[in-house]
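Asker: I'd like to ask some things about the structure below.
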Amino acid sequence: MEAVAKIHLQRGVNFRDLGGYRMSDGRTTKLGLLFRSGVLDELTPEDKETLEALPVTHVLDYRDEEEARQKPDLLWRNVQYECVPANPDRLKTGASFAQLLSGVVDESRAFVFMKELYRRLPFNNPAYQRLLTWLRAPEALRLVQHCAIGKDRTGVGSAIVLLALGAERKTIVEDYMVTETSLASYRERWMATLDRHRMGARYDAVACVFSAREAFIEAALDAIESRYGSIACYLQEEFGLDGVSRAALQARYLK
């Protein structure tokens, strides 16, 4: 991966540029066009000025409607916002964290839950269909996709973007695993609010849910390959992205 320009947000969560990744054909993703992030509900006025100046013109929010209502994004001028929930219906994760933990009571069950989430996210997902629709617009958009912490729903969305642009599997895993360090300070602050002794095994379950593990993103990629046999077939069937439209997308976002 080439060096990526850092974009500092005072109150951003896991915000970063998808630019600088080398694709299988030797081209790299352009800087300043595609971003991934966690929630944007605590941005400072300076943060909003930074994003407006880039300019980030589109925000695609993968959170459930209740999540978005509870913590609405703080948006800047001249930005188009859309909330399209990415969670599979049977695996709602964001709005009711307590409900999630009622069935995920220890680390091993949390690990199984997370892998199942990742196996389901890539398929028949209106949020990612909307993502590809936006990316195929006539002009190159400056877009940020995000969820609550920018790890799971955004992790799979980012993987789909990189797949469409021609990334190798190891590059997708590399990008995903950056979250483990990028999210560290936010995760530590949040975990510090929990009573570890009182929660017992559930504390480890929460820590697992908040972690970025290669096995999670690998589960999504394995599910794609198992169902469709090839990335090209997956992109065609799920998003109508044929060879011509994929080449156009690559010409727009690669250099």
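Asker: Checking the structure you have, find out if any residue of segment 53-62 is over 24 Å from Leu132 (Cβ atoms) and either buried (at least 18 other Cβ atoms within 10 Å of the Cβ) or modelled with pLDDT under 95 (or both).
Answerer: For segment 53-62, residues over 24 Å from Leu132 (Cβ atoms) and either buried (at least 18 other Cβ atoms within 10 Å of the Cβ) or modelled with pLDDT under 95 (or both): present.
Asker: Against the condition among the charged types (D, E, K, R), modelled with pLDDT under 95, loosely packed, with under 14 Cβ neighbours inside 10 Å and farther than 29 Å from Leu165 by Cβ, how does Glu46 come out, does it pass?
Answerer: no
Asker: How many residues does segment 117-127 hold that are of a type in the set (A, V, I, L, M, F, W, C) and assigned to a helix (DSSP H, G or I)?
Answerer: The total comes to 2.
Asker: Can you name the number of the only condition in (1) within 30 Å of Leu241 (Cα to Cα); (2) over 15 Å from the mean Cα position of the chain (by Cα) that Arg196 fails?
Answerer: The single condition Arg196 does not satisfy is (1).
Asker: Against the definition (surrounded by 15 or more Cβ atoms within 10 Å (Cβ to Cβ), modelled with pLDDT of 95 or more and basic (Lys, Arg)), how does Arg136 come out, yes or no?
Answerer: No: the conditions fail for Arg136.
Asker: Do the conditions hold for Ala110, that is, is it at pLDDT below 95, buried (at least 18 other Cβ atoms within 10 Å of the Cβ) and in a helix (DSSP H, G or I)?
Answerer: For Ala110, the condition - at pLDDT below 95, buried (at least 18 other Cβ atoms within 10 Å of the Cβ) and in a helix (DSSP H, G or I) - is met.
Asker: Consider segment 46-86. How many of its residues are part of a loop (DSSP other than H, G, I, E, B), within 30 Å of Glu116 (Cβ to Cβ) and touching a helix residue (DSSP H, G or I) at 6+ places or on another chain (Cβ under 7 Å)?
Answerer: Number of matching residues: 4.
Asker: Which of the residues spanning segment 159-172 are among the small types (Gly, Ala, Ser) and crowded, with 24+ Cβ neighbours inside 10 Å?
Answerer: Hit for segment 159-172 is Ala159, nothing else.
Asker: Same structure again: Restricting attention to segment 17-45, which residues are part of a loop (DSSP other than H, G, I, E, B), over 25 Å from Leu75 (Cα atoms), in contact with a helix residue (DSSP H, G or I) (Cβ under 9 Å, 6 or more places away or on another chain) and not charged (D, E, K, R)?
Answerer: Within segment 17-45, Tyr21, Met23, Ser24 qualify.
Asker: Return the pairs, sorted by first residue and then second, in which the second residue is of a type in the set (Ser, Thr, Tyr) and in a loop (DSSP other than H, G, I, E, B), the first residue lies in segment 195-218 and is closer than 18 Å to Ser182 by Cα, the beta carbons are less than 9 Å apart, and the residues are 6+ apart or on different chains.
Answerer: As it stands, the answer is Val209/Thr93, since those pairs meet every condition given.
Asker: How many residues does segment 110-139 hold that are more than 18 Å from Phe239 (Cα to Cα) and of a type in the set (Val, Ile, Thr)?
Answerer: Residues flagged as more than 18 Å from Phe239 (Cα to Cα) and of a type in the set (Val, Ile, Thr) within segment 110-139 amount to 1.
Asker: Still on this structure, I have one more. What's the number of the only condition in (1) more than 22 Å from Phe113 (Cα to Cα); (2) surrounded by fewer than 18 Cβ atoms within 10 Å (Cβ to Cβ); (3) of a type in the set (Gly, Ala, Ser) that Ser182 fails to meet?
Answerer: Unmet for Ser182, out of (1) more than 22 Å from Phe113 (Cα to Cα); (2) surrounded by fewer than 18 Cβ atoms within 10 Å (Cβ to Cβ); (3) of a type in the set (Gly, Ala, Ser): (2).
Asker: Now, a different point. Can you name every residue in segment 128-159 that is in contact with a helix residue (DSSP H, G or I) (Cβ under 7 Å, 6 or more places away or on another chain), over 15 Å from Phe210 (Cα atoms) and either small (Gly, Ala, Ser) or assigned to a strand (DSSP E or B) (or both)?
Answerer: Residues satisfying the conditions are Ala140, Leu143, Gln145, His146, Gly157, Ser158, Ala159.
Asker: Would you call Ala212 in contact with a Lys or Arg (Cβ under 6 Å, 6 or more places away or on another chain), at pLDDT 95 or above, in a helix (DSSP H, G or I) and crowded, with 16+ Cβ neighbours inside 10 Å?
Answerer: No, not satisfied.
The values are calculated or read from the model by the stated rules, or taken from the named source; none is laboratory data. Keep in mind that what you see is a predicted model, and the values were worked out from it rather than measured. Here Cβ is always computed from backbone atoms with ideal geometry, including for glycine, and neighbour counts include all displayed protein chains.
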